[in-house]
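The values are calculated or read from the model by the stated rules, or taken from the named source; none is laboratory data. Keep in mind it's a predicted model, so treat the numbers as computed, not measured. FYI the Cβ positions are ideal-geometry reconstructions off the backbone, even for glycines, and counts take in every protein chain you see.
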Amino acid sequence: MNLTERALIGCLVYRDRVIECKKGSDESWRVILPAGRSVDENDVANLIDRVHNLVAAGFANAVEDQSIYGLNDPALRISLWRNDELVREIVVGQADNMWYGTANGLNEVIVLPYQVMSWFQLNLTVQEGV
């Protein structure tokens with residue numbers, strides 16, 4: 001079973017907004033937050049694949065205090081849930097014009113490609129009649 005099939009709730013927490021999507025019983029994705037928005041099914045599946053297949057550009061120096069990599073005030077936190085189980089969580093921070101990340105279950109901090117934030121965007125549309 002791949003991650004797209006397992007993730008039933010996806011939450012993207014940016015500094016200025018939150019996007020939450022939920023997979024319905026009909027297997028379609030719908031936007032929970034913000035209300036009155038919709039999203040293309042392929043966009044959600046592609047974002048989940050990018051989370052699952054995220055590749056590091058390098059590894060950061062090991063430190064106890066991850067705040068030097070901007071991870072204490074993340075630019076983005078992506079959480080994928082199945083029922084009450086956190087399947088995958090990625091935290092992305094920025095420091096010194098570099099992007100850094102870590103994931104649940106990992107102690108390492110990775111250096112992310114500069115375009116990483118554009119990979120984790122969902123294009124929402126306003127639902128008609130809302």
Tally the residues that are part of a loop (DSSP other than H, G, I, E, B) and surrounded by 17 or more Cβ atoms within 10 Å (Cβ to Cβ), restricting the search to the range 97-130.
3
Given the criterion part of a loop (DSSP other than H, G, I, E, B) and in contact with a helix residue (DSSP H, G or I) (Cβ under 9 Å, 6 or more places away or on another chain), identify the matching residue among D49, D26, D73.
D73
Can you tell me which residues in the range 22-48 are out of contact with any Phe, Trp or Tyr (no Cβ under 8 Å at 6 or more places or on another chain), acidic (D, E) and modelled with pLDDT under 90?
D26, E27
Can you find even one residue in the range 60-71 that is within 18 Å of Q94 (Cα to Cα), within 12 Å of the chain's Cα centre (by Cα) and at pLDDT below 90?
no
Looking at the range 89-108, which of its residues are modelled with pLDDT of 90 or more and touching a Leu at 6+ places or on another chain (Cβ under 7 Å)?
I90, V91, V92, G93, W99, Y100, G101, T102
Hits in the range 73-94 (condition: crowded, with 19+ Cβ neighbours inside 10 Å and either farther than 15 Å from V109 by Cα or of a type in the set (A, V, I, L, M, F, W, C) (or both)):
A75, L76, I78, S79, L80, V87, R88, I90, V91, V92
Any residue that is of a type outside the set (A, V, I, L, M, F, W, C) and in contact with a Cys (Cβ under 9 Å, 6 or more places away or on another chain) - is there at least one of those in the range 25-36?
yes
Of all the residues that make up the range 84-130, how many are within 15 Å of the chain's Cα centre (by Cα), over 24 Å from K22 (Cβ atoms) and among the aliphatic types (A, V, I, L, M)?
2
